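Notes follow the structure.
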């Protein structure tokens, strides 16, 4: 007799966190991608003609180990709805431990956001190899869905580009992204 | 070096109050080395404050800066303009730096964003251990280079006490980690030095008036004063 009761409770709990997703909400997500893995995986996903949401804006790094706490915070501050770092598989970092450092920093940012009353789930660390085009697309899709469920970043600021802010915070650390023609347009625009 | 830990964010928010123009001031000496209050950490705190303000829908201007050493007037001159333009200064320096700032820029409001906690030694990257209590009368010449004032939980001058077992103190750190018994360390090191007799010296009660118990201390080096 007890079993159905427990099952009923579980069902309620499982349904409770599901938020009403605003169909018009298109989150802006910043991805800090390692040149050696995730960035190449994104290329592969493209070659494989895999579909993934256009909500993600990539920034290429020489290694996720170059990512610092302030870079993630700047993106959130500028209104990014979600931010994630995508580095090499653990144990396969080109610079040995860069991805492990990145994970620690992402975890620290989660703590800081929790202290501020912002959902820590808005930042995440993922690992993948350059051969994982499918995983790249899956991560992008799942994370976008996660952010859609969380809703917009409460600190969204009009007229501020989280992608540009994150790039600016990174300074010379971010690698140029030839494929991203929109980035060039922004730079040209700001030079006027 | 002097070490400090950042205060909880809620406490910082309370200290800042409803001020609109906030300057987060780091110090690039001790607190930068202990990864708590350098320019990098000042930038992070400033960003957090802006995120918080954005979340609450409040218009707040937050800037960050850092002095090479907040505890010296000359270095404070370099950030004077920013300090004077702010409604409140949130300092990430140790207690000395914060007070120097509050004194130099009085009546500017300077509030601490950190709790200064000890004179510590880096044991490994990102781990610090207390090593000196600045007691004003150093005894480590007789205790084989181990300070009983801060490394013995009871600051005993004639240890060990009954709480010493297998080289460990009966007290643990706030993180619930074991503390080495200072007097067990002293004994082992004196033995290695062949100076066991120092263990049997009866040390009279320490003169704490040379420590902070004697009131605020002042040090003057006459020979070094400008002519």
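Computed from the coordinates by the stated procedures, all read-outs in this text should not be read as laboratory data. These numbers were taken from a predicted model, which means no experiment stands behind them. Glycine also receives a Cβ, built like all others from the backbone with ideal geometry; neighbour counts cover every protein chain displayed.
Give me the one-decimal nm value for the distance between modelled label points at residue B:84 and residue B:208, 7 Å along each residue's Cα-to-Cβ direction. Going by the 7 Å Cα→Cβ label model, 4.4 nm.
The relative contact order of the range B:26-144, computed from alpha carbon pairs under 8 Å that lie at least 6 residues apart in sequence, is 20 percent. Report, to one decimal in Å, the Kirkwood hydrodynamic radius for the protein assembly as shown based on all distinct Cα pairs. Computed over Cα pairs of the protein assembly as shown, the Kirkwood hydrodynamic radius comes out at 25.4 Å.
Is the range B:52-136 best put as rounded, prolate or oblate by its Cα gyration tensor, with a ≥ b ≥ c the root eigenvalues, rounded for a/c under 1.5, and otherwise prolate when a/b is larger than b/c, oblate when not? The shape class here is oblate.
Inter-part distance, the range B:1-57 to the range A:43-86, computed on C-alpha centroids, equals 26 Å. Taking the fewest neighbouring Cβ atoms within 10 Å as the starting point, the ordered list for B:116, A:64 is B:116, A:64. Over the range B:133-211, what is the relative contact order in percent, taking alpha-carbon pairs closer than 8 angstrom and at least six residues apart? This gives 35 percent for the range B:133-211.
Only bridges with both residues in chain B count here: give the DSSP antiparallel percent, nearest 5. If we restrict to bridges inside chain B, about 50 percent are antiparallel.
With Rh defined as the Kirkwood radius, the inverse of the mean 1/r over Cα pairs, the Rg/Rh of chain B is 1.07. Summarising the label geometry, the points placed 7 Å from Cα in the beta-carbon direction at residue B:127 and residue B:178 lie 1.3 nm from one another. Counting only alpha carbon atoms, the long axis of helix B:182-193 and the longest principal axis of chain B meet at about 60°. Please say if the range B:1-120 is rounded, prolate or oblate, where rounded means a/c under 1.5 for a ≥ b ≥ c the square roots of the C-alpha gyration tensor eigenvalues, and otherwise the choice is prolate for a/b larger than b/c and oblate otherwise? Oblate, since a/c reaches 1.5 and b/c is not below a/b.
The ranking of A:132, B:219 by Cβ neighbour count inside 10 Å, starting from the fewest, reads B:219, A:132.
At 10 °C and a viscosity of 1.306 mPa s, what translational diffusion coefficient does Stokes-Einstein give for the range A:94-179, taking Rh as the Kirkwood radius over Cα pairs? Give it in µm²/s as a whole number. Value of D from the Cα-based Kirkwood radius: 104 µm²/s. As a length-normalised measure over Cα pairs under 8 Å and 6 or more apart, the relative contact order of the range A:26-173 settles at 37 percent.
Estimated purely from DSSP H runs of n ≥ 4, each contributing -39500 (n - 2.57), the mean residue ellipticity at 222 nm for the protein assembly as shown is -11000 deg cm²/dmol once divided by its residues. Peptide A:113-121 has a mean of 3 when you count, residue by residue, the C-beta atoms of other protein chains within 10 Å of its C-beta.
Within the listed set B:192, B:182, B:25, the residue fluctuating most in the Gaussian network model of chain B (springs between alpha-carbon atoms under 10 angstrom) is B:192. Once the chain from residue A:104 to residue A:164 is taken as fully extended at 0.36 nm per residue, the excess over their C-alpha distance is 19.2 nm.
Between residue A:114 and residue A:49, what FRET efficiency comes out of the Förster formula 1/(1 + (r/R0)^6) with R0 = 41 Å and r the beta carbon distance, rounded to 0.05? After rounding to 0.05, the efficiency reads 0.60. With a Förster radius of 60 Å applied to the C-beta separation of residue B:59 and residue B:142, the computed FRET efficiency comes to 0.45. Computed extension gain for residue B:72 through residue B:11, at 0.36 nm per residue and net of the alpha carbon distance, reaches 19.3 nm. Taking the fewest neighbouring Cβ atoms within 10 Å as the starting point, the ordered list for B:183, B:73 is B:73, B:183.
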